[in-house]
């Protein structure tokens, strides 16, 4: 005869705000293997069912870089030394961010079936989505690294500083994806809006042009200057560009502030997610 | 607290306890705080577009009981199972389920079509919260029971729906639950597998402390279960020994369909 446990499995009392954040983070740690499985399956699924398979991981960023190169260099006749590296150092990390957001929108919504059948902490879904998006960045490093074959004199030890800059970007991707994945359950329109919102954001960030261009506008219109400074990607792109293109140390102070500011943002997003997650099954 | 053995020892908490339970759906999705405000209002559909899938449910299952949940479509049967499984949180009232739970709702949830049977078994095990080592140990038995043959190494996307259901069933029934929640899964796959799954379920039923079985198959409910509750409009309208509740329900349904038939004929004649 087996002895039966009498532990309460369903119906634990609800906790306060700090408690529920803590509980959610604890659940994430406890279910880390599930997060990892979901991450792997998302990364793997990207390559399947297409002729070139996993080559797309490299081809995708390379093609995007080429498109912007045509646009900026050939059509707009903007001359910038080492133009491909100049563009790539901003465009490729940006692609990571956009992919994270666009796939993050469906992270919860797309798992409707299993959410209706099994009780599990829903936070694992956006968590896996964020992690899977990192794959994007890592693969994009390959075409990016290949650019140094064209511009060997641009390669300095400071290129390694892309990693701390990428961590800052990652820290802000977490709350963005967690929040969007939850909102998208209630407002389906979000997936329609996101590409447009991202595009505007992209053009307001120093990606296709140097930061000085934006600063010049900011001098004429002070509100625009505030906007530029408040945009995390102003600092993130500049950081990448310092490391990869200018071969110098990124400006650590604003990056450090951004990193610290991400902590309350992450905690808030987790709290929000936990609060609305009981509604997911009812709405989906 | 003293850990007592099962068999309904007095004073030990029951495996399942629902008290004053209500589950409300908001048809226009509004804020949660508002859900609580409308508790005192009557009616399943209130003016604000809210809907009580379950209302004022008091329900206690003692160790050793197996309970059939019957009732017409939309009575709240599946909602009840989802609450017991911890998938849905109640809007009001209390739910307490003690011990390991196995849910057999729809089968094959959580499968990733690009993974093979083994990988999917581990994945679903993680969703269920089964410790990894334990799941790894179970994999051979699960695959064997599912009877997939050489397909075990193929991606689940290549499976027929029967194979998928068989694998889902094997994974879901591989746990040794204290509380077993069933939702009409006895008809899975071909005849041979139905027989096999039936005996597996009976085996689980023997071991579980408490069983809740949602079904439209009244005859199997009457033979499997010791007790039955009838839900209608989100409320419990009958509760008692399985045979008695089920035969009363059958009579009620027969009468209802006879009246429906008659009024239908009358309406047609009227045209």
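Coordinate-derived values only; no laboratory data. Predicted, not measured: the structure shown is a model, and the values here were computed from it. Using ideal geometry, Cβ is built from the backbone for each residue, glycine included, and neighbour counts are taken over all protein chains shown.
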Computed from the beta carbon distance with a Förster radius of 60 Å, FRET efficiency for residue B:267 and residue B:199 to the nearest 0.05 stands at 0.80
Note on chain A: contact order normalised by length, alpha-carbon pairs under 8 Å, 6 or more apart, percent, works out to 25 percent
1/(1 + (r/R0)^6) with r = Cβ-Cβ of residue A:151 and residue A:216, R0 = 45 Å, i.e. FRET efficiency to nearest 0.05, evaluates to 0.95
For chain B, percent of DSSP beta bridges that are antiparallel (nearest 5) comes out at 55 percent
Rh_Kirkwood(region B:51-102) over Cα pairs, Å, one decimal, evaluates to 12.3 Å
When A:167, A:211 are arranged by how many other beta-carbons sit within 10 Å of their Cβ, fewest first, they go A:167, A:211
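Can you put B:246, A:200, A:190, A:217 in order, fewest other beta carbons within 10 Å first? Please report the intermediate quantities before stating the final value.
Values: B:246 22, A:200 9, A:190 17, A:217 12.
Final ranking by Cβ density, sparse to dense: A:200, A:217, A:190, B:246.
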In whole Å, largest first, the alpha carbons of chain B cover along the principal axes 60, 58, 41
Largest fluctuation, A:224, A:209, A:76 only, Gaussian network model of chain A with Cα springs under 10 angstrom, belongs to A:76
Subtracting the Cα-Cα distance of residue A:17 and residue A:106 from 0.36 nm times their residue separation yields 29.5 nm
Expressed in nanometres to one decimal, the distance between label points 7 Å along Cα→Cβ at residue A:261 and residue A:25 is 2.1 nm
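Using only the Cα atoms, work out Rg/Rh for region A:110-236, with Rh taken as the Kirkwood radius, to two decimals.
Details: Rg = 18.7 Å, Rh = 17.8 Å.
Ratio of gyration radius to Kirkwood radius: 1.05.
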Final fewest-first order of B:158, A:179, A:99, A:173 on the 10 Å Cβ neighbour count is B:158, A:179, A:99, A:173
Fraction of alpha-carbon pairs in region A:17-283 farther than 26 Å apart, rounded to whole percent, equals 45 percent
Simple SL model, points at 7 angstrom along Cα→Cβ for residue B:243 and residue A:199; separation in nm is 7.2 nm
The Cα extents of the protein assembly as shown along the principal axes, largest first and rounded to whole Å, are 87, 66, 56
Comparing A:267, A:258, A:71 in a Gaussian network model of chain A (Cα, 10 Å), the one with the largest mean-square fluctuation is A:71
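Assuming 0.36 nm per residue, please report the length gained on full extension of the stretch residue A:7 to residue A:32 beyond their Cα-Cα distance. Can you show the working numbers first?
Details: separation 25, 0.36 × 25 = 9.00 nm, distance 2.28 nm.
Gain in length upon complete extension: 6.7 nm.
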With a ≥ b ≥ c from the Cα gyration tensor eigenvalues, square-rooted, and the rule rounded for a/c under 1.5, otherwise prolate when a/b > b/c and oblate otherwise, region B:124-215 is oblate
Region A:237-284 and region A:157-222 have their Cα centres apart by a whole-number Å value of 10 Å
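Take the Cβ-Cβ distance between residue A:268 and residue A:224 as r, set R0 to 22 Å, and report the resulting FRET efficiency rounded to the nearest 0.05.
Working from the Cβ atoms, E equals 0.20.
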Rg (one decimal) and Dmax (whole number) from the Cα set of region A:50-163, in Å, equal 17.8, 57
Connecting every pair of Cα atoms under 10 Å apart in chain B and solving the GNM, the largest mean-square fluctuation among B:182, B:84, B:123 falls on B:123
Kirkwood Rh for region B:195-271 from C-alpha pairs, in Å, is 14.8 Å
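How far, in nm, would the chain grow between residue B:141 and residue B:256 when pulled straight, counting 0.36 nm per residue and subtracting the alpha carbon separation?
Working: separation 115, 0.36 × 115 = 41.40 nm, distance 4.68 nm.
That works out to 36.7 nm of additional length.
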Mean separation of Cα contacts under 8 Å (at least 6 apart) over the residue count of chain B, i.e. the relative contact order in percent, is 24 percent
